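Okay, so here's the structure we're looking at.
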Amino acid sequence: DGGITQSPKYLFRKEGQNVTLSCEQNLNHDAMYWYRQDPGQGLRLIYYSQIVNDFQKGDIAEGYSVSREKKESFPLTVTSAQKNPTAFYLCASSISSGGGYEQYFGPGTRLTVT
Amino acid sequence: AQRVTQPEKLLSVFKGAPVELKCNYSYSGSPELFWYVQYSRQRLQLLLRHISRESIKGFTADLNKGETSFHLKKPFAQEEDSAMYYCALRVGGSARQLTFGSGTQLTVLP
């Protein structure tokens, strides 16, 4: 394992507080992604970034924000505007080469908001 | 917009029995299909991709463009195959890259 790290593994916050989830990769991948994983709903794309200082909204971006100041880092902030923030969050990065396209995933962060 | 459907949320089979996890997609162009797997307490990882036409851990998947399907098959299931399986579609030229299905939790019973 290695390559993509997410911290912390578990995170607890009170309702109304913003919280930032960390994602770091040392794979030298240009593209990075944030997904939310809920039971029965699969992986839903929150935000993605193809290059440094550029990112786009995914399918469920409301209540979330990101930054991409460095190639290695793509932190996700869950704001108080997110109505149902308790979930498992996955970060990924990708490469497309002669071997084909592949997304590599981090171990995830489980966020619980009470 | 593209869509991936995995009709079975849960699937249970006995060890040694054949297993098929269904995946259907909707996309009018030429898709690229993948299967990802998430074993208990492990991170999500690529199992196989259709362009490689490979067999990984005894699993195979054939892209059927007529039926817009990419079902995952294994002739003899093992207990260690128990995991969550996701089918994913990549649309060429799309910056967002992958669209995932809702997943199928496979349980292989002893």
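Taking the alpha carbon gyration tensor of chain A, what are the square roots of 5 times its eigenvalues, largest first, to the nearest whole Å?
Working: eigenvalues 108, 40, 35 Å².
Semi-axes (√(5λ), whole Å): 23, 14, 13.
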Quiz item: What is the packing order of peptides A:67-76, B:37-46, taking the mean over residues of other C-beta atoms within 10 Å and listing the highest first?
Solution: A:67-76, B:37-46
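Among DSSP beta bridges whose residues both lie in the protein assembly as shown, state the antiparallel percentage, nearest 5. Walk me through the numbers before you get to the answer.
On the way: 67 of 76 bridges.
The antiparallel proportion sits near 90 percent.
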Practice problem: Choose one of A:GLN56, A:ILE4, A:THR77: the residue whose Cα lies farthest towards the positive end of the charge dipole of segment A:1-113 (beta-carbon charges +1 Lys, Arg; -1 Asp, Glu; about the Cα centre). | Solution: A:THR77
Quiz item: Under 23 Å from the Cα of B:LYS57, which lysines turn up, not counting those fewer than eight places away in the same chain?
Solution: B:LYS9, B:LYS15, B:LYS22, B:LYS73, B:LYS74
Quiz prompt | Residue-averaged beta-carbon neighbours from other chains (10 angstrom radius) around B:44-50 | solution = 4
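Looking at segment B:1-84 from every direction and averaging, what is the projected area of its Cα convex hull in nm²? Working shown, then result.
On the way: hull surface 23.6 nm².
For segment B:1-84, the mean projected area of the Cα convex hull comes to 5.9 nm².
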Quiz item: What relative contact order, as a whole-number percentage, does chain B give when Cα pairs under 8 Å and 6 or more residues apart are counted?
Solution: 39 percent
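Summarise the long-distance tail of P(r) for the protein assembly as shown by giving the % of C-alpha pairs beyond 24 Å. Intermediate results must be reported in sequence, preceding the final value.
Details: 11000 of 24976 pairs.
So the pairs more than 24 Å apart make up 44 percent of the total in the protein assembly as shown.
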Quiz item: With the dipole of segment B:14-91 worked out from charges on the C-beta (+1 for Lys and Arg, -1 for Asp and Glu) around the Cα centre, which of B:PHE14, B:ILE51, B:GLY66 lies farthest toward the positive end?
Solution: B:ILE51
Self-check item: Average Cα contact separation per residue, chain A, under 8 Å, 6 or more apart, as relative contact order %
Solution: 34 percent
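Bear in mind that the values in this text are calculations on the coordinates, not laboratory data. Fair warning: this is a prediction, and the values are worked out from it, not measured in the lab. Every residue, glycine as well, gets a Cβ built from its backbone with ideal geometry; the counts of neighbours run over all protein chains shown.
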